[in-house]
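K.L.:
Mind having a look at this structure? Questions to follow.
Every number here is computed from the coordinates shown, using simple stated rules; none is lab data. Model, not experiment: these values are computed from the prediction. So basically every Cβ, Gly included, is an ideal-geometry build from the backbone, and we count neighbours across all protein chains shown.
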Amino acid sequence: MTVIVGLVHDGRVYLGGDSAGVSGSRLTVRRDPKIFRNGPYAMGFTTSFRMGQLLHHAFRAPKPEGDLDRFMTTVFVDKLRTCLKDGGWARKDSEQEQAGTFLVGVYDRLFAVHDDYQIAEPADGYAAVGCGDEFALGALHATADLGLKPRKRLTLALTAAGYHSAGVCAPFRYVTAPRRPC
């Protein structure tokens, strides 16, 4: 299920997401968004609507500070782990904790959080997660040097994923991270 796409453009992160809820071969167009703002973060999730609901409504996102790489891999992830555990969603397998996958934009930085809580920052300035990610990544790559506005690039990526993946459907939604404070 899902495709969430993100890109960095002119000092901000832009995210787009689809509305598919998939269980087996059943697809439901969901009204609740897979992308949203939480404090200074723009977030978009895949994996589980329950995880996304916790990220959206229960996660008390810590204010970014200092070295953002260090902050995201320590303070952010520690708060995230606590939220998912308290919400009954985190899993443990062979003593290793696991969560889900989502994108996080904070100011001018885009990160992917993977199910093992690793934080990845794409060197290309764009990323996609979910079952339609490969189609979306191809569209983001193909449009990188065309001078298109961020929303147009995101729409093309979402549309490509929706065309080629049975787990992706419109309507598409968009959110932008705030600019870094001066």
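K.L.:
Sort through ASP69, ASP133, ASP115 and tell me the only one that's surrounded by 17 or more Cβ atoms within 10 Å (Cβ to Cβ) and charged (D, E, K, R).
P.N.:
On inspection, the qualifying residue turns out to be ASP133.
K.L.:
Can you name the residue in the range 90-112 that is surrounded by fewer than 19 Cβ atoms within 10 Å (Cβ to Cβ) and farther than 25 Å from ARG12 by Cβ and, of all such residues, is nearest to the chain's Cα centre (by Cα)?
P.N.:
Step by step, filter the range 90-112, then rank; the result is GLN98.
K.L.:
Quick one: in the range 1-37, of everything that is surrounded by 15 or more Cβ atoms within 10 Å (Cβ to Cβ) and free of Cβ contacts under 8 Å to residues at least 40 places away in the same chain, which residue is nearest to PHE135 (Cα to Cα)?
P.N.:
The selected residue is GLY21.
K.L.:
Across the range 38-66, which residue is surrounded by the most Cβ atoms within 10 Å (Cβ to Cβ) among those that are closer than 22 Å to PRO181 by Cβ and in contact with a strand residue (DSSP E or B) (Cβ under 7 Å, 6 or more places away or on another chain)?
P.N.:
MET43
K.L.:
Looking at this structure, is ALA160 of a type in the set (A, V, I, L, M), in a helix (DSSP H, G or I), touching a Phe, Trp or Tyr at 6+ places or on another chain (Cβ under 7 Å) and under 21 Å from GLY21 (Cβ atoms)?
P.N.:
Spelling it out, ALA160 is indeed of a type in the set (A, V, I, L, M), in a helix (DSSP H, G or I), touching a Phe, Trp or Tyr at 6+ places or on another chain (Cβ under 7 Å) and under 21 Å from GLY21 (Cβ atoms).
K.L.:
Does THR47 qualify as being without any contact (Cβ under 8 Å) to a residue 40 or more places away in the chain and either of a type in the set (Ser, Thr, Tyr) or on the phi > 0 side of the Ramachandran plot (or both)?
P.N.:
no
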